[in-house]
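Each remark here refers to the structure printed beneath this line.
The values are calculated or read from the model by the stated rules, or taken from the named source; none is laboratory data. Small disclaimer: the values here were computed from a predicted structure and weren't measured. Cβ atoms come from the backbone with ideal geometry, glycine included; neighbour counts cover every protein chain shown. The protein model used for the area step is the full one, side chains on, heavy atoms only, and it has no ligands, DNA or RNA in it. Shrake-Rupley method; radii C 1.70, N 1.55, O 1.52, S 1.80 Å.
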Amino acid sequence: MNTKDNLRSRTTKKRFEDAYLELLSKDPSRQVTVLQLCQEVRVNRTTFYAHYEDILELQQRIEQRISAEVTAIFRDKWLGEKKISRERLEVLISYIEKNRLFYKAWYLSGRMDEPAVMSLMLSNPKLTNEKRYRILFLRAGTNAVLKDWVVNGCKEDCLTVVSVLAELNRIRDAG
């Protein structure tokens, strides 16, 4: 029986996502086409259109999934905590490393929106301008380090990157 979100459907969607990100990371200046995707995944165009309306919908679903996963990690694990800890940084960077294909494409393309988790701290209505500026500065520097690390293949160990960012952002170990 062909059900809407069965294992085969989820597997096909995952293959489309991976192929899209792989093609985008190879040449971020080029638009990925349905034909290229279908050739990469080795399916026909009707299979693509059975899952997505167009490439933009595929891209948006990838972004929404990643954003929801990162937001869930922070909300579930550290609900109510206001400061970033070394442990939080380690979880985030491990997640980025695990999803390096997405982040490489994201950093190189410049076409994808920043994941929602980056806006969580800045949306606090009690945030002073001084703290806002500090967060913006630290976010930009942290993103620059992470971009360089991801684009160059995550060659350093995750904990090495955590140590560097923790030191630069003056994050202390808990305890």
Between beta-carbons, use under 14 Å as the cut-off and find the net charge around HIS51, counting Lys and Arg +1, Asp and Glu -1. +3
Per-residue SASA entry for LYS131, accessible area with 1.4 Å probe, Å² rounded to 10: 130
Tabulate in residue order the Karplus-calculated ³J(HN,Hα) for the stretch 5-12, using 6.51 cos²θ - 1.76 cosθ + 1.60 with θ = phi - 60°, rounded to whole Hz; enter x for Gly and Pro. 10, 7, 4, 4, 5, 5, 5, 5
Given labels modelled 7 Å from the Cα in the Cβ direction, how far is it in nm from VAL151 to ASN124? 3.1
The ³J(HN,Hα) series, computed from each phi in the stretch 15-22 with the Karplus coefficients 6.51, -1.76 and 1.60 at θ = phi - 60°, rounded to the nearest Hz and given as x for glycine or proline, is 5, 5, 4, 4, 5, 4, 5, 5
Karplus ³J(HN,Hα) for the stretch 69-74 (6.51 cos²θ - 1.76 cosθ + 1.60, θ = phi - 60°; Hz, whole; x = Gly/Pro) runs 5, 5, 4, 5, 4, 6
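May I ask you to give the solvent-accessible area per residue for the stretch 7-55, in square angstrom, as obtained with a 1.4 angstrom probe?
Working: 3030 Å² over 49 residues.
Accessible surface, normalised per residue, equals 62 Å².
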